[in-house]
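The values are calculated or read from the model by the stated rules, or taken from the named source; none is laboratory data. Values in this document were obtained by computation on a predicted structure and should not be read as measured data. Note: ideal-geometry Cβ built from the backbone for every residue, glycine included; neighbour counts use all protein chains shown. Surface areas here come from the heavy atoms of the whole protein model, side chains and all, with no ligands, DNA or RNA. Shrake-Rupley method; radii C 1.70, N 1.55, O 1.52, S 1.80 Å.
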Amino acid sequence: MTMFWDAMTIVFVSTGVFFFLAGTVGLLRFPDTLTRLHALTKADTLGFGLIAIGLLPQSADVRVGLKLLVIWLILQFAGACSGQLIAQFEHRSRHSS
Amino acid sequence: MSMLPDLLLVMLVLGAALWTVAARDRRSSVIGFIALGLLLALVWMRLYAVDVALTEAAVGGGATGLLLLRACARLDSIDAGKPSAGRTLQLLIGFCCAAMGVGIAAAALGGPDLPPTLAPAVAANIDAVGLGNPVTVVLLAYRAIDTLLEKIVLIAALVGVWSLAPDDVWGGPPASLKLAKASEPLTFLAQILPPVGFVIGVYLIWNGADEPGGTFQGGTVLAAMWLLVMLAGLAEPPETRRALLQYLVVFGPAVFLISGFSGFWLAEGFLSYPTGFAKTMIVALEVALALSIAVIVAMMLAGPSARTPR
């Protein structure tokens, strides 16, 4: 059974790392703020979500697992809001100039 | 193989530091400094110094970064169009900074291979205090005088910020932090996040007794929540002449001083705790200190008075 959970961790964390990598490449390569933001938020939301799911089977007890879930939720929230904020700022500065 | 992540981290830290120094304009330099603070927090994590990592992330990256960004905004409006410092002065400043860096590096690298440490003595006596976190034991029991003076420095810093206010607005509220145009995502964030952040701040303070965490980390999180509410315009910064605000600023250090002096009668001397009550007193002190730190950090970031008092 441990082997199953370990395999699950490896698969989910690797997939999460892949999304982070793809997001970073996008952040470096995409031409303007909005497309870069698109790449970044995908990496944050999906990548970190997958890594958190992958780490769940490794948590020592239920409390640690719950903390991981809470961190995930807060990060989702912060990521989504800051993405919107940056996009709004960009949108406004484009239309005012 | 296990060295590779650390090497990458060190290179990132050096890169961020170089960027901070080399960036042409002030704002980029400050953003580099914030990134450097977050990377340093990761370095402290790798060194198993979780308390320092939390402080670095909250104070070094977060609060100091915001303070510098606000200083940038203030300076931009003051010295627009003025020439920057002369070449000689720039060279002199650079030389002094480099000399300082070399001096610190020499002191750090030139010492004995195994620096003298009091860690075993702390570990042997930790049960006498009754707390589980050795960092808190050192901060509030063995080196309480340092911690006390550190809090008094914070008050001095706030007095420094407040004294930037011109005479005619003295005692009034700091400039509104509200954005010129309301931003819906920011308002949403400021409505949802503070209850969560408040619980996390209290958790960090309470946890500081036995696990990594403590007054500075928790207090800064509380301050951040208050600042978020002020940034979204859901609350205005209070007038700096308000008595309640000023009492809150001195509350923690005052309680610390009183408890320190009570050590003369109740225990062995200044800043020592009566046997058996050490943990109770330290937790009470931490709560009082965290409250003051939260108010001081938030007011320092809100800035000096800028509007006439009502």
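So if we plug the beta-carbon distance of B:Asp127 and A:Ile74 into 1/(1 + (r/R0)^6) with R0 = 41 Å, what FRET efficiency do we get, rounded to 0.05?
The pair B:Asp127/A:Ile74 has a calculated efficiency of 0.70.
Over 23 Å, how big is the tail of the calculated P(r) for the range B:59-212, in percent of all Cα pairs?
Working: 8115 of 11781 pairs.
Of all Cα-Cα pairs in the range B:59-212, 69 percent lie more than 23 Å apart.
May I ask you to give the average projected area over all directions of the convex hull of the Cα atoms of the range B:215-310, in nm² rounded to one decimal?
So the mean shadow area of the Cα hull is 7.1 nm².
Expressed as a whole percentage, what fraction of the accessible surface of the range B:1-137 belongs to carbon and sulfur atoms when a 1.4 Å probe is rolled over the protein heavy atoms?
75 percent
Could you tell me whether the range B:1-65 comes out rounded, prolate or oblate from its Cα gyration tensor? Rule is a ≥ b ≥ c as square roots of the eigenvalues, rounded for a/c under 1.5, then prolate if a/b exceeds b/c, otherwise oblate.
Taking the square roots of the gyration eigenvalues as a ≥ b ≥ c, the range B:1-65 is oblate.
At a threshold of 8 angstrom on Cα-Cα distance, excluding pairs fewer than six apart, so keeping six or more, what relative contact order does chain A reach in percent? Show your work: numbers first, answer last.
Working: 87 pairs, mean separation 30.7, N = 97.
The normalised contact order for chain A reaches 32 percent.
With a Förster radius of 25 Å, plug the Cβ-Cβ distance of A:His38 and B:Glu211 into 1/(1 + (r/R0)^6) and report the FRET value to the nearest 0.05.
0.05
Run through every distinct alpha carbon pair of the range B:1-123 and return the Kirkwood hydrodynamic radius in angstroms, one decimal place.
Numbers: mean 1/r = 0.0583 Å⁻¹.
For the range B:1-123, inverting the mean 1/r across all distinct Cα pairs yields 17.2 Å.
By how many nm would the segment from B:Leu38 to B:Ile152 grow when fully extended, if each residue of separation counts as 0.36 nm and the alpha-carbon distance is taken off?
Full extension from B:Leu38 to B:Ile152 adds 38.4 nm.
Return the FRET efficiency for the residue pair B:Tyr247, B:Ser163: r is the Cβ-Cβ distance, R0 is 30 Å, and the value is rounded to the nearest 0.05.
Numbers: r = 19 Å, r/R0 = 0.64.
With a Förster radius of 30 Å, E is 0.95.
Compute the semi-axes of the equivalent ellipsoid of the range A:2-96, taking the square root of 5 times each eigenvalue of the Cα gyration tensor, and list them largest first in whole Å.
Equivalent ellipsoid semi-axes, largest first: 32, 16, 5 Å.
Grab the other residues whose beta carbon is less than 15 angstrom from that of B:Ile31, score K and R as +1, D and E as -1, and report the net.
+2
Students sometimes get this wrong: rank B:Tyr247, B:Tyr48, B:Tyr203, B:Tyr273 by accessible area, probe 1.4 Å, all chains present, largest first.
B:Tyr48, B:Tyr247, B:Tyr203, B:Tyr273
Hey, what did chain B get for relative contact order, percent, Cα under 8 Å, at least 6 apart?
21 percent
Counting only heavy atoms of protein chains, what accessible area per residue, in Å², does chain B have with a probe of 1.4 Å?
Dividing the accessible area of chain B by its residue count gives 58 Å².
Largest first and in whole Å, give the semi-axes of the protein assembly as shown's equivalent ellipsoid, each being the square root of 5 times a Cα gyration tensor eigenvalue.
34, 32, 25
From the Cα gyration tensor of the range B:143-197, with a ≥ b ≥ c the square roots of its eigenvalues, which class applies: rounded if a/c is under 1.5, or else prolate if a/b is larger than b/c, or else oblate?
oblate
Hey, what did the range B:1-77 get for relative contact order, percent, Cα under 8 Å, at least 6 apart?
Relative contact order for the range B:1-77 comes out at 27 percent.
Any aspartates and glutamates with Cα under 19 Å of the A:Lys67 Cα? List them, leaving off those in the same chain fewer than 8 positions away.
A:Asp44, B:Asp51, B:Asp210, B:Glu211
Once the mean 1/r over all distinct Cα pairs of the range B:78-138 is inverted, what Kirkwood radius in angstroms do you read off?
16.3 Å
Quick check for you: which residues of the range A:10-42 have the amide N under 14 Å from the point 7 Å beyond the Cα of A:Ser93 toward its beta carbon?
Residues A:32-37 qualify, since their backbone N sits under 14 Å from the label point.
Between their Cα atoms, which of B:Lys178/B:Lys279; A:Lys42/B:Lys181; B:Lys151/B:Lys181 are more than 30 Å away from each other?
Pairs exceeding 30 Å: B:Lys178/B:Lys279; B:Lys151/B:Lys181.
Can you tell me how much longer the chain between B:Ala73 and B:Trp170 gets when fully stretched, taken as 0.36 nm per residue apart minus their C-alpha distance, in nm with one decimal?
32.8 nm
Can you give the Rg and Dmax of chain B based on its C-alpha atoms, in angstrom?
That works out to 21.7, 64 Å for Rg and Dmax.
Using a 7 Å offset from the Cα along the Cα-to-Cβ direction at both B:Val199 and B:Thr117, what is the distance between the two label points in nm, to one decimal?
3.8 nm
Work out the mean other chain Cβ neighbour count within 10 Å for the residues of A:76-84 and drop it here as an integer.
Mean shielding count: 3.
Send over a whole-number figure in Å² for the accessible area per residue of the range A:2-96, probe 1.4 Å.
66 Å²
How far apart, in nm, are two points set 7 Å out from the Cα along the Cα-to-Cβ line at B:Leu257 and at A:Val11?
6.4 nm
Report Rg (one decimal) and Dmax (nearest whole number) for the range B:130-310, counting Cα atoms only, units Å.
18.0, 59
I'd like the distance separating the alpha-carbon centroids of the range B:210-240 and the range B:88-134, in whole Å.
Answer, in whole Å: 30.
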